[in-house]
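**Q** I am attaching a structure below and will ask some questions about it afterwards.
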Amino acid sequence: MAKQRDHIFDEPRPMIVDFTFDERVASVFPDMIRRSVPGYGEVIALTGLFAERYAQPGSTLYDLGCSLGAATLSMRRRVHADQCRIIAVDNAPAMVEQCRANLEAEPSPVPVDVHCSDIRKVHIENASVVVLNFTLQFIEPDERLELLHRIHQGLRPGGVLVLSEKVVFENEREQQFQESMHLDFKRANGYSELAISQKRTALENVLLPESLEAHTSRLRNAGFGDVHNWFRCFNFASMAAFKTP
Ligand SMILES: C[S@@+](CC[C@H](N)C(=O)[O-])C[C@H]1O[C@@H](n2cnc3c(N)ncnc32)[C@H](O)[C@@H]1O
Ligand SMILES: O=C(O)C(=O)C[C@]1(C(=O)O)C=C[C@@H](O)C=C1
């Protein structure tokens, strides 16, 4: 599919409805996320290094909320452990369809199953690497612990969860600073004030960010041992949470 530029929120809308991952979003998603999430390309590329280091022979790698398969592709290129497979899951049919096409376009000996399912229903087992890339933020906060707990249960000892999220800051001045730098990033990438403001309204009830402290404490409650913040750019961060060997 040709790479399309995101103009979804450019024109004034009489009413802003909640953001959904529909066909229109899927068709511009690579451009939208690259221009909206500072560090996205780095996080994707570096996710491959987690697969290279932490994939265990005969285990499964999961990409939960896979969208078009960017993290799956990055892991598939780097995983060297024998007899691994990847399970990629998303509940948006338009995303899953394009994800399958993207994976088929690049031959690889590592098998990938793409499921159109709710990640809250997916059984996780025999996992060595689990990726939740900018997806937990769309799950109701009171359902997050249960999901993380199931991920922890399904990981092998020594396995890792890579959790990337939009985050908020407990210090109000830092929150203002990081948020305004993110807005500047969007402006520098060609989004108008109108597009930024309409998308913000559309995301208000569906993308619910939390602080790094809240994520860390929930990951510990879910059973994870070491939790490290390995990447951050403005108000986007990625954590690595380990199941104790
Ligand atoms: C911001 S995108 C993730 C980006 C992707 N991980 C990447 O790195 O390119 C969020 C994705 O999560 C999916 N999603 C949200 N809630 C979900 C759920 N409950 N089950 C499965 N997928 C979900 C959406 O359909 C969307 O494709
Ligand atoms: O917070 C914003 O303003 C965003 O646009 C973020 C975000 C995300 O983190 O998922 C929201 C929706 C799109 O999937 C791309 C980026």
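**Q** Going through Ser164, Ser180 one at a time, which residue ends up being modelled with pLDDT of 95 or more, among the hydroxyl-bearing types (Ser, Thr, Tyr) and closer than 17 Å to Phe242 by Cα?
**A** On the way: Ser180 fails: closer than 17 Å to Phe242 by Cα.
Exactly one of Ser164, Ser180 is modelled with pLDDT of 95 or more, among the hydroxyl-bearing types (Ser, Thr, Tyr) and closer than 17 Å to Phe242 by Cα, namely Ser164.
**Q** Related question: Does at least one position in segment 148-160 carry a residue that is surrounded by fewer than 13 Cβ atoms within 10 Å (Cβ to Cβ) and among the charged types (D, E, K, R)?
**A** Within segment 148-160, not a single residue is surrounded by fewer than 13 Cβ atoms within 10 Å (Cβ to Cβ) and among the charged types (D, E, K, R).
**Q** Being open to solvent by 50 Å² or more (accessible area, probe 1.4 Å) and in contact with a strand residue (DSSP E or B) (Cβ under 8 Å, 6 or more places away or on another chain) is the filter here; which residues of segment 167-193 pass it?
**A** Selection gives Glu170 alone.
**Q** Output the number of the condition that Ser128 fails; it satisfies all remaining conditions of (1) closer than 22 Å to Phe21 by Cβ; (2) surrounded by 13 or more Cβ atoms within 10 Å (Cβ to Cβ); (3) in contact with a strand residue (DSSP E or B) (Cβ under 6 Å, 6 or more places away or on another chain).
**A** (1)
**Q** Taking only segment 137-146 into account, find how many residues are open to solvent by less than 70 Å² (accessible area, probe 1.4 Å) and more than 9 Å from ligand 1 (Cβ to nearest atom). Can you show your working first?
**A** Taking segment 137-146 and keeping what is open to solvent by less than 70 Å² (accessible area, probe 1.4 Å), we get 137-139, 141, 143-144.
Keeping just the survivors that are more than 9 Å from ligand 1 (Cβ to nearest atom) gives 141, 144.
Selection size over segment 137-146: 2.
**Q** Restricting the search to segment 198-245, which residues are on the phi > 0 side of the Ramachandran plot and surrounded by 16 or more Cβ atoms within 10 Å (Cβ to Cβ)? Spell out how you get there, then give the answer.
**A** Taking segment 198-245 and keeping what is on the phi > 0 side of the Ramachandran plot, we get 223, 234.
Across segment 198-245, the qualifying residue is only Phe234.
**Q** Return the pair list, or none, for Cβ contacts closer than 7 Å from residues in segment 1-23 that are farther than 23 Å from Glu106 by Cβ and among the acidic types (Asp, Glu) to residues that are in a loop (DSSP other than H, G, I, E, B) and at pLDDT 95 or above, at least 6 apart or on different chains.
**A** Asp10/Ser192; Asp18/Asn205; Asp18/Val206
Results for (1) modelled with pLDDT of 95 or more; (2) touching a strand residue (DSSP E or B) at 6+ places or on another chain (Cβ under 6 Å); (3) open to solvent by less than 60 Å² (accessible area, probe 1.4 Å), shown as yes or no for each residue.
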position: Asp18; (1), (2), (3): yes, no, no
position: Phe29; (1), (2), (3): yes, no, yes
position: Ala70; (1), (2), (3): yes, no, yes
position: Leu73; (1), (2), (3): yes, no, yes
position: Ala81; (1), (2), (3): yes, no, yes
position: Pro107; (1), (2), (3): no, no, no
position: Val112; (1), (2), (3): yes, yes, yes
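**Q** Sticking with this structure for a sec: Name every residue in segment 4-51 that is under 25 Å from Leu161 (Cβ atoms), near ligand 2 (Cβ under 10 Å from one of its atoms) and among the charged types (D, E, K, R), in order of residue number.
**A** Arg34
The values are calculated or read from the model by the stated rules, or taken from the named source; none is laboratory data. All of these numbers come straight from a predicted model, not from anything done at the bench. Here Cβ is always computed from backbone atoms with ideal geometry, including for glycine, and neighbour counts include all displayed protein chains. The protein model used for the area step is the full one, side chains on, heavy atoms only, and it has no ligands, DNA or RNA in it. Shrake-Rupley method; radii C 1.70, N 1.55, O 1.52, S 1.80 Å.
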